[in-house]
């Protein structure tokens, strides 16, 4: 019971911290909404325009999840490590499991808010359609959110300072977004770029979302992409926990 109460309090604390972060608000909500409005103004007139926006929604959703993980989480964790607040936090009865669970729940709550906002804006202004397979879409978005969170935690745990976290996160964020079919389709790119694309986490996210959200396919059809994202989540999450535990045990 005490563990659940600690988890609830820590989750609320982390969610409030995200909402108070102006940089996080800018990257997580403001930019994606602006992009939807821009793309909608360019291609959102008529049925064919709505179809184009439907196609681009997967990329916009992945953009938001990447932003929350690579920009918000990574920089926040690096700052907490640098100023000593994370070490102080673990001098309390708070366990590593509760802390990690609170990070996941807070960022899933943020991701849910992002998804609702972008779909509401897209539907009200440009007639964007709801996902064809809503349950499968929710599962893919949930796993994608955890994968992005784990990447952010790994970056924040490995960098030396918050000053170093920002440029590293920025470079990784835009590289993964640009080469993973998030910002624009790159199907006609040179072969070496297409080869790089196949290894981008965002590629697996957009491919899985395209199958379940756009074409209404079942989750099993996206099993390959989902498996890769789960593997990424486990690896990055394990690295983050190992690095934080090591740092917390150093006198």
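The values are calculated or read from the model by the stated rules, or taken from the named source; none is laboratory data. In this text the structure is predicted, and so the values were computed from the model without any measurement. Because the Cβ atoms are built from the backbone with ideal geometry, glycine has one as well, and the counts that use them run over all protein chains shown.
Write out, first by first residue and then by second, each pair whose Cβ atoms fall under 8 Å of each other, whose residues are 6+ apart or on separate chains, and whose first residue, in the range 31-52, is over 21 Å from residue 213 (Cα atoms) while the second is modelled with pLDDT of 60 or more and surrounded by 12 or more Cβ atoms within 10 Å (Cβ to Cβ).
Cβ pairs passing all conditions: 31/63; 31/67.
In the list 135, 131, which residue meets the criterion of being modelled with pLDDT of 85 or more and in a loop (DSSP other than H, G, I, E, B)?
None of the other options fit; the residue is 131.
May I ask you to list the residues in the range 1-48 that are more than 30 Å from residue 98 (Cβ to Cβ), surrounded by fewer than 15 Cβ atoms within 10 Å (Cβ to Cβ) and either modelled with pLDDT under 80 or over 19 Å from the mean Cα position of the chain (by Cα) (or both)?
Within the range 1-48, 30, 38, 41, 42, 45, 46, 47, 48 qualify.
Do we have any residue at all in the range 153-176 that's touching a helix residue (DSSP H, G or I) at 6+ places or on another chain (Cβ under 6 Å), in a loop (DSSP other than H, G, I, E, B), at pLDDT 90 or above and under 21 Å from residue 76 (Cβ atoms)?
There is at least one residue in the range 153-176 that is touching a helix residue (DSSP H, G or I) at 6+ places or on another chain (Cβ under 6 Å), in a loop (DSSP other than H, G, I, E, B), at pLDDT 90 or above and under 21 Å from residue 76 (Cβ atoms).
Any idea which of (1) at pLDDT 85 or above; (2) farther than 20 Å from residue 7 by Cα; (3) touching a helix residue (DSSP H, G or I) at 6+ places or on another chain (Cβ under 6 Å) is the one residue 83 doesn't satisfy?
Only one criterion is unmet by residue 83, namely (3).
Which residue out of 150, 169 is surrounded by 24 or more Cβ atoms within 10 Å (Cβ to Cβ) and farther than 21 Å from residue 231 by Cβ?
The unique qualifying residue is 169.
Suppose the filter is within 20 Å of the chain's Cα centre (by Cα), surrounded by fewer than 18 Cβ atoms within 10 Å (Cβ to Cβ) and touching a residue at least 60 places away in the same chain (Cβ under 8 Å); does residue 69 pass it?
For residue 69, the condition - within 20 Å of the chain's Cα centre (by Cα), surrounded by fewer than 18 Cβ atoms within 10 Å (Cβ to Cβ) and touching a residue at least 60 places away in the same chain (Cβ under 8 Å) - is not met.
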